[in-house]
Amino acid sequence: MNSRRFSLRCTFAVVVLAIITTIAVPVAGQDTERPQELIAAERLAAAGDWDQIIVSLTQLIQRLEAGPGDARSGKLLIEAYEKRALARLQTGDRPNATIDFTALLQIDPNYVFAAPSPGIMNVFEETRKSTLASLDVALTPEDAIVVLAKDGATSPETAARIGSQWLTAGSYRITARKIGYETRTEQVELRPGKAQRLPIELRRTTAVLRVRTIPTGVSVRIDGELKGTTQAASDGDPRSEMLVIDGIVPRATPYRLQMEKDCFVSTTAELMVPPLEIWKGVAAADPLAWDPDRYYDQVSLRRAFGTIAVTADQSNAVVSIDGERRGTAGTPIRDVCRGDHSIDVRSPGGQFSQRVRVELDDEVRVQAKLIPTYGIVNAALQKGSPGAPGDLAAVVKAVRASDLNLVPIELAEGDLASLVSTASTEVIPRGASASLFHKRASMGRLDGRGCRPGAAADYSAGHDFVRAFTSRQPIGMSARTNENERERSRRAR
């Protein structure tokens, strides 16, 4: 009799300690604001007031079951069911304690219960075995991914364990997949209190290529077809994230693998995929016989640079490559990507342009002779007239010379009107279809378009404009000056 009372006193003390300990410590992943019912249960357990604990936790459970059913509510429900079951066991109500354990296991069938005594653990495990089903998944290959979905459930697929696991009874759809293998789906019916074994073996269908590069942004091609581009690693690793390429089927001839990026030297390799029938999934002397996958863990591409060395006949000439300023003439530019480039050399006194091709580790020498460059626009557009389509081209062709460069310019109507209004007597309005402007008010706009505005000549029907350049007369003559020149020529004849 004394032994019996000691046993009950010991059980009471252990349960009190279990309730106080597990309630006082917040559930992992949950915020520190705990329901008042769980906080009160600690005080009530210390006083041995089991009935009040049951009443308080029942109110909490009802409120949580009517709530949104999110992950936090699920964790709180598990805790509340566990504590109420322990309290019911202290009052001798094993049937209702079993109901609480059952409800807990419906939320988390594989819940790890830290029972305060072996007797209570036996109650919990007996409840698990009688209400749940056991499924043992035997998977080949072992690193495949297995997901399951219960028929009629609203929740999405969840990851399944490899090996033995507890599940609620019902019909399940179990899917196993791995890259390079066929995907396989099995339908199983699980019954309470029953154990079932499910072997799943996936069949190999293709080889898989895995590539990691330095730098990132490398395009990977197989037989000329783009398969993917390596991306930057999230952890700051100079190597890229692993690029995984599936669907490489066996064939007798090798695949051509190419990795390339602009301004880098591309690399190529041959990729041989053996017949998959000989692959057994075990190690062999010949790696091709047991692992058809291919790994390129760190492919490094080196820069494809050449040098452009520009000399100019004018000092302080600025060198631009493909529209980007890169330095001054006389200083070699050594980090120019291999390929075709546009060279532009400018100074206050002239301009020079040339297309060049740069090869890997080679030097291209450019001798720039800078000549004056002027812009020409179609003034007839200012009044809405389309002008003669060939006017600008004809003028450029007519005044072509080794020491002069004329460049057609397209301006918006508003800009053109502004230029014409500031040109004063230097523009011949009568019959003029094209004019070259040099007013300082227009220099900024023209200069921004790649031309150096300078002295200008009027153009009327082509003749006077061409003669103004070829005779080396002062450019930018007014209309009156041009008329005086023509009158003097007529009298001389």
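Residue by residue, here is whether (1) modelled with pLDDT of 95 or more; (2) surrounded by 13 or more Cβ atoms within 10 Å (Cβ to Cβ); (3) among the basic types (Lys, Arg); (4) in contact with a helix residue (DSSP H, G or I) (Cβ under 9 Å, 6 or more places away or on another chain) holds:
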position	(1), (2), (3), (4)
79	no, yes, no, yes
100	yes, yes, no, yes
104	yes, yes, no, yes
107	no, yes, no, yes
122	no, no, no, no
136	no, yes, no, no
139	no, yes, no, no
145	no, yes, no, no
151	no, no, no, no
In the stretch 258-278, what residues are within 30 Å of residue 336 (Cα to Cα) and part of a loop (DSSP other than H, G, I, E, B)? 261, 262, 263, 265, 266
Considering the stretch 123-155, residues that are acidic (Asp, Glu) and over 19 Å from residue 179 (Cα atoms), and then whichever is farthest from the chain's Cα centre (by Cα), we arrive at 126
Being assigned to a helix (DSSP H, G or I) and not assigned by TED's automatic domain parsing to the domain that holds residue 268 narrows 106, 165, 187 down to just 106
Look through the stretch 355-376, keep the residues that are within 25 Å of residue 265 (Cα to Cα) and without any contact (Cβ under 8 Å) to a residue 40 or more places away in the chain, and return whichever of them is farthest from the chain's Cα centre (by Cα). 355
Is it true that some residue in the stretch 141-159 is more than 24 Å from residue 64 (Cα to Cα), in contact (Cβ under 8 Å) with a residue 60 or more places away in the chain and not in a strand (DSSP E or B)? yes
Picking from 206, 213, 229, which residue would you name as being over 19 Å from the mean Cα position of the chain (by Cα) and either in contact (Cβ under 8 Å) with a residue 12 or more places away in the chain or surrounded by fewer than 12 Cβ atoms within 10 Å (Cβ to Cβ) (or both)? 206
For residue 336: the one exception among (1) surrounded by fewer than 16 Cβ atoms within 10 Å (Cβ to Cβ); (2) β-branched (Val, Ile, Thr); (3) under 30 Å from the mean Cα position of the chain (by Cα): (1)
Would you confirm whether any residue within the stretch 92-103 is in contact (Cβ under 8 Å) with a residue 60 or more places away in the chain, in a helix (DSSP H, G or I), under 20 Å from residue 40 (Cα atoms) and among the charged types (D, E, K, R)? no
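The values are calculated or read from the model by the stated rules, or taken from the named source; none is laboratory data. Computed from a predicted model, the values in this text were never measured in an experiment. Glycine also receives a Cβ, built like all others from the backbone with ideal geometry; neighbour counts cover every protein chain displayed.
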